[in-house]
Structures are given as C-alpha cells and as structure tokens.
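Here's the structure, in structure tokens; my notes come after.
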Amino acid sequence: MFQKKLLFFTLGFVFLFSGCGQVAPNPSEIETGRNNVSDTTEIAPQTVSIDEGGFGSGETSATTDGATGSYNSSANGFQSVYFPFGEYEVDESQMQRNIDRAKETQGKIKLEGNCDEFGTDEYNYALGLKRAQAVKESLINHGIASGRIFIVSFGESNPVCTVSSDACYLQNRRVDFRLVK
Amino acid sequence: MPTKRSIVSQCIEGIFLKYLLFVLLSLHLFAVDASLTIEKDVEQRARIALIDGSEQFNPLAWKILLSDFKISGHFLSDTKHYTGDLASNYIPASLKNREYVIKYKLSTTPKSTLWVRLLEASSGKELFQKRYRISMESKLPFLLHKAISDINNVLHYSKIDWINRYVIFSRYVKAKQSEIVLADYTFSYQKVIVRGGLNLFPIWADAKQKSFYYTSYASLRPTLYRLNIYTGSKEKIVASEGMVVCSDVNHNGSKILLTLAPQGQADIYELTLSSKQKRRITQFHGIDVNAKYSKDEESIVFVSNRLGHANIFKKSLQGSAVLPVVFHGKNNNACDSYGDKVVYTSRESSHSFSQNSFNLYLTSTQGGVTRPLTTTGSNQFPRFSRDGSIVQFIKYRGNSSSIGYINLETSQSLLFPFKSKKIQSIAW
C-alpha cells in the first residue's frame, strides 16, 4: 500500500516539474518599452531626388552594312569592332576601314568599349575598357596619334540588341567609334 | 490469511513497482538535459504567433513581418493570420504553447502608426510595448523592420540591425541611361534618388548611410562623386579616363578602394580622402577590379584575370605578393569580403549563355572549406551585411528577378521578387 502511495506521489512530482526545459527569458532581463515614442528618426527624414539628365540620352542603334553584311553601331564612317565572348584581342581584319577613316579625318576619336550582359558589374566595365584600349593600340600601331584618341567603357549599359541569342550578344561585344567635335 | 499465491503475487507487484519508480525518477532526472539537448540540436528558434488588431488587414505589412522574423533566424512564426484586440492580454488556448505572442495594430491615417506588444504566450504577461510613427506612408516597411529588430533586441538575441538599413542600387532604364534607387531590404520601399544620364556603382560612404559614392558619366571622363541623400550636396572625388569605380569604403570612411584606368589600364588604387592622395595597389597588364578590404583592412581581395580567366585573389596592402583565393571555376568575376570570409560569383556552365549561369560560394582567405550558397538561376552581386551574418544577392531566373538573402548561420534564405529592370550594382 505504501508503495502505491509512493508511486502516485512520484507521478505527481514528475508531472509537476515536467516542462521546465522551456526556453523563456528571465522576466527581470526583459526591457520594457518606455514612453511610446517612435525612435525611427534615422529613416524618417526626407531624402533628396536629383536629376542629372542631359547627357547620355542618345541611344546607339545598330545598322547593317549592305556591302559586307556586318553590323555597325559606330558613327562618322567608322565600323564597330566585335569580339568573342570574354575576349579583348583585336581581329586586325576588322581594323582597316577604321584606320583609313581615322587618317581621312581630324579631331579626337572617342572609342567606346561595350560588353554583352553576362558577367558582373565592375569586371564587365573593365572588359569593355580593355577592348577599347586594344583598338586604341591598334590605331596607334598604324600611325594614328595617341593624343587624338580617348577611351571610355560603357560595360553592358549600351546594348544595341536585346534578343536572347548568340548573334545578338555578339553585336553587344564591341568597340564603337565617334568623332568628337 | 494470505495464500501462498497472493504472497508471490504481492512480491512480484512490489518488485514491479520498485522498478517503475526507478524508471520514472530516472526519466525525470534526465528529462531536463534531454529536453535542452533537443532544443539546441533541433530547434533554437522561438515559436511565435502574430495577432493583428488592425481595423483593416494589410497583406504587405503581414508579409514583411513574416519575412523579418524568418530571416532573423531567431523566430519560428505561425503563418496563420490571427486577429484580436491589441489592448487585451488574453491569449487563445491554441496559442499558449508558443513562447511569445506579438500583438500589433497598424493605422495609416493620418500618419503611418504601428503599435506593437510582445506577450509571453503561456501567461499573457507583457514583455515589451511600443508605438512607431512616421509621416511618409511609403516608409511603412521601415517601421515594421524597426519593430521586429526591437523585439529581437528585447529578447537578447544577436542583433539584426541590418534589416533597418537602406539598400542602394543602380538599374538600367535604357541604353546609356540608369537611375539610382533607395530601398528597404525587401524592395517594398523604393525611391529614385538620382535620375537622368548614366550613373553607376553606388556604394555607401559612411556607416550611417548619409552619403554615397557613385560614378557619373555626365562628362567625357567618368567621374566619382559623393552625394548627401538628405541635403543633396555633391562633391567631386576623382575622375579618370576609361573607368572609375569606388569598390569599397574602409570602416571609418577615411579611405576608399578604387578601380581607375588613367592610362586605359584598370588597376586598383587606395585613396585617402583627407589628403586626396592616391596609392596604386596593383599593377597588371590585364584586369584588376572589385577590390574589397579584408582581414582588418590589412589586405584586399579582388578580381583579376592574371591566370587567364577571372578569379579571386588576395594581396596585402603593404606587400607585393598576389595569391589566389579560389581554386575552382573558370570565371569567378565578382566578390565581397568580411573579415576572412569571401563570397564570390562563379559561372558554372561551359556554355556562355545557359540558364544556370552563375552561383554563389562562400570561402575563406585562410583556406578551408568552400561552400556553395546557391544552386539554381543566375546569382550575382553578392554583398555581406555589415555584421557579416547575411549575404545579399540578385537572382535572375527565367524572366523573373529577385533580391535574395542567405542567413549564413541558419542557412535560411529569402527571395523578394521585383519587376525586372536590370540591376547594375547594389550596396547595403
């Protein structure tokens, strides 16, 4: 009989203290919110909005050269130079028309390096710049004064074709020529 | 007079009861440890339920609250939308087995106001209450983030202050046109802060997010400016032929890492802002870009094609040795750093333009295990949170675009879809 009482006592003891493993914070450690005042001040102030328009709005469009069937998005009689994926070595066969045209003209020549949309931010801009630099060196090697040429990279920001195809992406991996007046 | 049979029966019963007592007491003695072990190994997150006391259900606010709790890694929230009186301490019986109940009420007139109460689920005892108010309704997501980070802090979990920060990014709108946008981390709030022309590579100039650097193409030479987002004051920092990008800002904002190309050659420089002195860090005939301070700003990690393809390298700011950090992949062309940790993008497929193009990996400048963080889609622009606990990235998959977050401790991830205008660069 005593053992039965002991059993019930033990069962009660077990059930009474079961559940002590619950992870609850110590109420004394809880900070109670005070005074109901918003403290979102760091994001509350109004931010500005500025307009830097006026430059760069000129879109570039690609045309197809009737004689050669090649694409072109350069101006002033120049022919854009195109590159394989990830490459920045100039195919000299694409340069002759540009060398001739550079010799016919005067004034500064701006070379704009461009990429397809693959690759990420900075690397793509550097790749576009390497393409422009390679074309610049080719022009210099063919007698064009280095002081006439300056380069800029537009990375993937200036696509002339937005269709998802290898042929389209090829049109975007290019260096465009512009005469600067 | 007990029979022999009943005596034997009582003895067996006694022995059984003794064993039963022993087993029950043993179970209880070890139950606490067992319980704690299970909680540690299986589920450390606090189970919570949200009770909405608003007059009108706001699905966006509800979604943001659930996202905040989930990405914190500290809470396991009910996804069921309960309603109830904000002021009452009554907890429905069905919710008493949660650890906490959060009651909230949202009102958008005349100002966006959020009332929040944190209650202990078992007793209904109030642990925290606060009212948040902001005049611009569009900034409501920040109110919600602030409330959740406060609740997190009240319960003494590790900080999740990163959810309160602005995200800044540039996106293309058309050829040679982009805009710079301020957003909350979910992209629920968005505001164009610079529009017109081509403005790229925004990055925060200070820890308090008052100013940011960006590259402007408004003149013939790309130019780096610093713009104060509250006053609109703009300061020219540096210009360079070819390209100029601010890749990273040191902890106290006194120095920045730049990619410059003064002779048409992209290399990494460090600029001390007070003296405007530039120091060339790398000198290579190929591509060196994307420098990030590493290891207490004693060294950098950066992207270079010096082994014939884009890969991640490290270099001491004082020494000359350049060492690879990553030993797999043939096109690892973007990275971010936090302490010794490095997260980077790797092009996976051999075909240039396949769908499964870019994945993220986590590695260390000290060697060790490299861990994949994503497995599908095109995942780019990896960025660490300021405490290094979360990785932010942009995911393109099919025709959809999302901003994603990976909690490195819990491996939980969240994606927030956004309308697809191509992101150019992002900072946090």
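What to note about this one:
- Binning all Cα-Cα separations of segment B:157-256 at 10 Å, short to long from zero, yields these whole-percent fractions: 15, 46, 31, 7, 1, 0.
- The stretch between B:Asn58 and B:Tyr230 holds 59.0 nm of extra length on full extension. This uses 0.36 nm per residue minus the Cα-Cα distance.
- For the residues of A:158-165, the average number of beta carbons from a partner chain within 10 Å of their own beta carbon is 2.
- Extension gain, A:Ala145 back to A:Gln96 (0.36 nm per residue minus Cα-Cα distance, nm): 16.0 nm
- Whole-Å distance, taken between Cα centres, linking segment B:57-110 and segment B:372-390: 28 Å
- Each pair of Cα atoms in segment B:165-427 enters the Kirkwood radius, and Stokes-Einstein at 20 °C and 1.002 mPa s then converts it into a translational diffusion coefficient of 115 µm²/s.
- Each residue, B:His285 and B:Ser254, gets one label point 7 Å from its Cα in the Cβ direction; the gap between the two is 3.8 nm.
- Ranked by how many other beta carbons lie within 10 Å on average, peptides B:52-61, B:267-276 from highest: B:267-276, B:52-61
- In this simple spin-label model, placing a label point 7 Å from the Cα along the Cα-to-Cβ direction at both B:Asn153 and B:Gln318 gives a separation of 3.8 nm.
- For residues of B:187-199, the mean tally of beta carbons on other chains within 10 Å: 4
- Size of electric dipole in segment B:121-218: Cβ of Lys, Arg +1 and of Asp, Glu -1, about Cα centre, debye, nearest 20: 180 debye
- Taking every alpha-carbon pair under 8 Å whose residues sit at least 6 apart, chain B reaches a relative contact order of 9 percent.
- Highest to lowest packing among A:75-81, A:139-145, B:330-336, scored as the average C-beta count within 10 Å: B:330-336, A:75-81, A:139-145
- Shielding of peptide B:173-179 by partners, expressed as the average count of other chain Cβ atoms within 10 Å per residue Cβ, is 6.
- B:Ser219/B:Thr376 FRET efficiency (R0 45 Å; Cβ-Cβ; nearest 0.05): 0.60
- Charging the Cβ of each Asp and Glu at -1 and of each Lys and Arg at +1, and nothing else, the dipole of segment A:131-181 about its Cα centre rounds to 240 debye.
The numbers here are math on the coordinates, done by the rules we state, and not lab data. The structure presented is a predicted model; accordingly, all values stated were derived computationally and were not measured. In this analysis, Cβ positions are derived from the backbone assuming ideal geometry, glycine residues included, and neighbour counts consider all displayed protein chains.
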